[in-house]
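See below for the structure under consideration.
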Amino acid sequence: MDRLFSEWMSGHRFLVMTTTAPSAGADASTAPATVNPVLRVAPAAPAEAAAYFRASLAFHADVSDVAAALASGGDPGFVVVDSRSTESWDQGHIPGAVHLPTALIPEQAEQLLDKSVPVVTYCWGPGCNGATRAALALAELGYQVKEMLGGFEYWAREGFEFETWQDRERRAPDPLTAPVDADNCGC
């Protein structure tokens, strides 16, 4: 992604806003205003922003979108891959996911996955880049792949059902990650 992002960046120009303090004795009313940290680097032009965000959506899937697609019945058009260890898988995983730890992808991907079907990878959560490493390994083998943002953590925190080695579970939605009294967040 760094190379792709760098290639994208090389074709676009960005305006960087800077500020200067007024010189001693200068009239403060004519001095440049201080720019806040958000606008210290100016936003990209709308066309550049659209290209960047469109590219981001090509690489990522949201937990809620994955859950909605899986719950809609029938073939969602993709397969979900849990890239974590067996111990993590046993602790909880998305129903219907394929268990394929990242280290085993080179040896087992072709036995478990169809290259004509897009893959959505996940790991523990936003603090783990295991899904990114799994997505990279699969892409290098010729698979179309997206990474599920939030991983298993946000799947469970948003109140979606998951399987453990013992049974199925569902937790109440965490009000910091999902609406408590609605089917979706409206994003």
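The values are calculated or read from the model by the stated rules, or taken from the named source; none is laboratory data. This one's a predicted model, so the numbers in the text were calculated from it and none came from an experiment. Cβ coordinates were reconstructed from backbone atoms using ideal geometry, including for glycine residues, and neighbour counts include every protein chain displayed. With ligands, DNA and RNA removed, areas are computed over all heavy atoms of the protein, side chains included. Shrake-Rupley method; radii C 1.70, N 1.55, O 1.52, S 1.80 Å.
Tabulated results
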item: Global size of the range 55-121 as Cα Rg and Dmax, reported in angstrom; result: 12.4, 34
item: Label-point gap, in nm, between LEU57 and THR34 - each point 7 angstrom along Cα→Cβ; result: 3.8 nm
item: Rg/Rh ratio calculated on Cα atoms of the range 32-187 (Kirkwood radius); result: 1.04
item: Cα principal axis extents for the range 120-187, largest first, Å; result: 42, 34, 20
item: Length gained when the stretch ARG168-ASP75 is fully extended (0.36 nm per residue, less Cα-Cα span); result: 31.3 nm
item: Size of the range 40-88 as Cα extents on the principal axes (Å, biggest first); result: 45, 29, 14
item: CYS187/GLU107 FRET efficiency (R0 35 Å; Cβ-Cβ; nearest 0.05); result: 0.40
item: Ranked by how many other beta carbons lie within 10 Å on average, peptides 103-115, 71-83, 171-183 from highest; result: 71-83, 103-115, 171-183
item: Bins of 5 Å from zero: percent of alpha-carbon pairs in the range 85-139; result: 4, 19, 31, 28, 14, 3, 0
item: Cleavage-rule hits (chymotrypsin sites (Phe, Trp or Tyr not before Pro)) in the range 142-187: DSSP loop, at most 15 neighbouring Cβ within 10 angstrom; result: TRP165
item: Most to least accessible of GLU158, GLU153 (protein chains only, probe 1.4 Å); result: GLU153, GLU158
